[in-house]
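Heads up: the structure comes next, in structure tokens.
Derivation of every value follows stated rules applied to the coordinates shown; laboratory data play no part. Here the structure is a predicted model, which is why all the values come from computation and not from measurement. When we count neighbours, we look across all protein chains shown, and the Cβ atoms used for this are built from the backbone with ideal geometry, even at glycine.
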Amino acid sequence: MRDIYLDYNASTPVAPEVAAIMRRALETGHGNPSSSHWAGVSARQMVENARTQVADLLGCAPQEIVFTSGGSEANNHALKGVFFASGKEQPHFVASSAEHPAIVAPLRFLERLGARVTWLAVDGTGLIDPDDLRRTMTADTVLVTIMHANNETGTIQPIGACAAIAREHGVPFHTDAAQSVGKIPTRVDDLGVDLLTMAGHKFHAPKGVGALFIRDGLRLEPFIHGAGHESGRRAGTESAMLTAALGVAASLAADLEPIEQVEALRDRFWAKLKDAFGDSVVLNGHPQRRLPNTLNVAFVGRVGAEILAAMPEVAASTGSACHSGRVELSPVLEAMAVTPQVGMGAIRFSLGRTTTADEIDHVVTRLRRVLS
């Protein structure tokens, strides 16, 4: 059986154009970008060209981009940077209850240092209510962080409305856009955000590189202290190879036209599943407000991990884990109040720009056999 990859929300293959710039950087970008000689200047040009490419994707100024080791570092930088720069004894943060662990874990850590965190509830589709956010704002609120699109269900949050509420209170707004870059528009002024996280391996760059948008005028404590790299905001010698890769991937991600075909395949996939399994398969997440590539479904009364184990040629993710006969739902599905009977059968299929209709048909056929 041929291998079929439907786990693009977990990680994406490196695009050929990205691999090409990486090879070039390995051959010519060996200098230290901070050095003033010819080798350093060449490496610096690669880094700054990539900074411009990322800025063009987000619609911001190049100096507002800080390169990081990935999405987790960017999230940690945003949260801890605001905390330590706030000067408050008990700074207040607001987040959704369906955030990625790269947001939840840093906030739990900051709670141990005195921070207070309000977790906004989500409804059965994974959406928050902006009015709930408005009611949580206090004089001690230092940051609102709400992910742009959920990594499991694809549900897209009302970021514009939420960012406007934060702005009314003079509070900066951060969004984890790791899942949305390259799938839906992510221009920072349209979203109204002050901080935005992106992770390269989610849009065809390699693992180990990402970026944090920091709006001019917003002061954050550096996440990594040392020399004055990244305009003093993130110590560590920049990698010409990784930043150049991120830049090319950002240029490719700016073209959203191929995503229309991905969305059509996603909808075809869902229609075939409903035709094959009827009411025994249900959708997790918002039926309209979700990423065009993401299909999180639950096979009622079945166990998602067992289904995937029975078709090892298909790479996808489950929304539950089995331990000694007991099923544990993901925190996201729990926050959505998905019942164990439904949630234990959750599988996330996430399509990419190279997914084909033939692959979708093959997976449906395999599911018919496994679940018959």
Nonlocal amide H pairs with Thr118, under 5 Å, H built at 1.01 Å: Phe93, Val94, Ala95
Helix-derived mean residue ellipticity, 222 nm - over the chain, DSSP H n ≥ 4, -39500 (n - 2.57), to 500: -12500 deg cm²/dmol
Nitroxide proxy distance, nm - points 7 Å out along Cα→Cβ at Ala105 and Arg215: 2.9
Label-to-label distance, nm, for residues given as Val117 and Val41 (7 Å Cα→Cβ offset): 4.8
Per-residue HN-Hα couplings for region 26-35 [Karplus 6.51, -1.76, 1.60; θ = phi - 60°; Hz; x = Gly/Pro]: 5, 7, 10, x, 7, x, 7, x, 8, 7
Taking Thr365, Thr12, Thr68 and counting other C-beta atoms within 10 Å, the order from fewest to most: Thr365, Thr12, Thr68
Cut-off under 5 Å, modelled amide H: who pairs with Gly208 long-range: His201
10 Å Cβ shell holding at most 11 others, DSSP loop, trypsin sites (Lys or Arg not before Pro): longest site-free stretch of the chain: 3-218
Modelled FRET efficiency - R0 30 Å, Asp140 with Gln341, Cβ distances, 0.05 increments: 0.15
The chain, relative contact order [Cα under 8 Å, separation at least 6], %: 23
Dimensionless Rg/Rh of region 37-100 - Kirkwood Rh, Rg from C-alpha atoms: 1.12
Residue range of the chain that is longest and free of GluC sites (Glu not before Pro) which are both DSSP loop and sparsely packed (at most 13 other C-beta within 10 Å): 90-312
Sites Ser280 and Asp132 - FRET efficiency at Förster radius 41 Å, r taken between beta-carbons, to 0.05: 0.75
Within region 239-275, backbone nitrogen closer than 19 Å to the virtual label 7 Å beyond the Cα of Asp361 toward Cβ: 261-275
HN-Hα J in Hz across region 149-156 - Karplus 6.51, -1.76, 1.60, θ = phi - 60°, x for Gly and Pro: 9, 6, 6, 8, 9, x, 4, 9
Rounded if a/c under 1.5, otherwise prolate or oblate - region 120-257, Cα gyration tensor axes: oblate
Cα-Cα pairs of the chain separated by more than 25 Å (percent): 56
Förster radius 41 Å - calculated FRET efficiency between Val327 and Gln90, Cβ distance, rounded to 0.05: 0.60
